[in-house]
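Structure record follows, encoded as structure tokens.
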Amino acid sequence: MPKKEFGTVKFYNIAKSYGFIESDGKDDIFFPFKAFADDVTAGDVRKLKGAKVEFTTEPGKEGKVFVKNLRPVSAKK
């Protein structure tokens, strides 16, 4: 079952469509562009560095975390 989490975007590379989230007490979490929720706009993506975000995580391959439904907290619906 997906787990809802919160964090801060540490880095996002628009050209390469990936970034990292800082989450309390954990290693940085990698996320690809496809992790964004459907209602996140291109304008939201451009302002991500340092933004507070919410997302869900699921176990991925080789013990890694898979991020889904990523969105800025202010865009919460």
Exercise. Taking region 27-38 as the search range and keeping residues that are out of contact with any strand residue (DSSP E or B) (no Cβ under 7 Å at 6 or more places or on another chain) and of a type in the set (Asp, Glu), which one is surrounded by the fewest Cβ atoms within 10 Å (Cβ to Cβ)?
Worked result: ASP38
For this session: Considering only residues that are charged (D, E, K, R), touching a strand residue (DSSP E or B) at 6+ places or on another chain (Cβ under 7 Å) and closer than 14 Å to PHE20 by Cα, look in region 47-72 and name the one that is surrounded by the most Cβ atoms within 10 Å (Cβ to Cβ).
Result: ARG71
Problem set entry | Every residue from region 49-63 that is among the small types (Gly, Ala, Ser), at positive phi and more than 12 Å from the chain's Cα centre (by Cα) | GLY63
Exercise. What strands (runs of 3 or more DSSP E), lying completely within the chain, carry at least 2 residues that are touching a residue at least 40 places away in the same chain (Cβ under 8 Å)?
Worked result: 3-13, 52-59, 65-72
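Every number in this text was worked out from the coordinates using simple rules, so none of it is lab data. In this text, all values refer to a predicted model and were calculated from it rather than measured experimentally. Cβ: placed from backbone, ideal geometry, glycine included. Neighbour counts: every protein chain shown.
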